[in-house]
Every structure is written in structure tokens, then in C-alpha cells.
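The structure under discussion appears below in the form of C-alpha cells.
The values are calculated or read from the model by the stated rules, or taken from the named source; none is laboratory data. As the structure is a computational prediction, the values presented were derived from the model and not from experiment. Cβ atoms come from the backbone with ideal geometry, glycine included; neighbour counts cover every protein chain shown. Each accessible area value is taken on the protein alone, full model and side chains, heavy atoms only, with ligands, DNA and RNA left out. Shrake-Rupley method; radii C 1.70, N 1.55, O 1.52, S 1.80 Å.
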Amino acid sequence: MSKKTEINQNNSNNTISSNNNNNFNDSINRSIDETKDNIKKSLDESRNQIPKINNIVNSYQEQSIQTAKEISEQYLDSQKQVVNSLQSAWRPYNEIYNGPVTNFFSPDAAVNAYTRFVSNVADNTVSAIRLSNNVIFSTLDAWKPLLQQAKDVSRHISNTGVNTARVFEQNSRQLAANAKDAAAN
């Protein structure tokens, strides 16, 4: 084969190889761009869910407050009935034995002590529900720095991949240039 024919054939092979590489690169770029678009769509859908999630959280808070109110009211109403029953049962005996003298163990003193106890239980129940809500929202706030850190680490890993690919590309070009020089010599 003549040297001119060989050069033309090499140029033709290089052109075909170059076109194949360009088509491959275009295909990869299209695929990556489609993936970016799909991720953007997915994130937009997630972003559209935020008002729904906010409504759920608000509904949870309102339901927690309403539940605490109902628990407290039911408890206090039941305790009021207990106190009235005990006071009704105790009063006749107290009047018989104590007469006009006020005793430390009088039904009124017992009722007052019991009422304070019931009030404390109700206040503690409401405080516990409030505390659990605060813990839940503190946990949600704690996720913000974690998400930022995940974003930073992801960016660092991506940059490491890009830098590795660039070094590989430079080494490959250097190796190809060395091989070309060796073939020419």
C-alpha cells in the first residue's frame, strides 16, 4: 500500500472515530441533561408538596393543643365529680364530730389540697404535650445543617470525580503523545 493511501485511510479512520466519539459524547451529554431535568421536575414536585406538609404539621399542632385541652377538661370534670362525691359523703361525719371547730382534716382542707393536686396534673399534661411539640420542631431544625453538610460533601465528591477525570484525560493525552512520538521515531 502506498504511503498516500495509508495516510488517507488513517485520516478516514480518524474522522469516523472522531464522529463516533462526538456522537457518544452528545449521547452522554443528552442523557445527563435529561437526568438533570428529571431531578429538577422531581424537586419541583417536592417543593409543591411543602404547603401540604405545612398544613399537616399545623393540623398536628392544632390537634395536639385540642387534645391537651380535652384531656385536661375531662380530667378536671371527673375530679370535680370525685371531690363532690367525697365532700358529700364526708360532710355529715365531719359536722357530727367536729361541730363548730375547724379541723385540719376538714373536707374543705382536703378538697383544696386535692384540687391543687388535680390542677398540677392537668398543667403537667399540657406542659408535656407542649414539650413534645418543641422536641419535634427542634429535631426538624437540626436537619437543616445536616442537609447543608450533605450538599457540601456531595459537591466535594463530585469535584473529586471531575478532577480525577481531568487527570486521567491529561495522562491519556500525554501517553498518546508519547506513543505518537515513539512511532514517529
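With the convex hull of its Cα atoms as the shape, region 129-185 has an orientation-averaged projected area of 3.7 nm².
Charged neighbours of residue 33, selected by a Cβ distance under 11 Å, balance to 0 (K, R count +1; D, E count -1). Nonpolar atom fraction for region 37-77, defined as the carbon and sulfur part of the 1.4 Å probe accessible area, stands at 52 percent.
Among the lysines of region 14-87, pairs that are 8 or more positions apart or on different chains and have alpha carbons within less than 27 Å of each other number 5.
Near residue 61, within a Cβ-to-Cβ distance under 13 Å, what is the net charge of the other residues, with Lys and Arg +1 and Asp and Glu -1? With Lys, Arg at +1 and Asp, Glu at -1, the net is +1.
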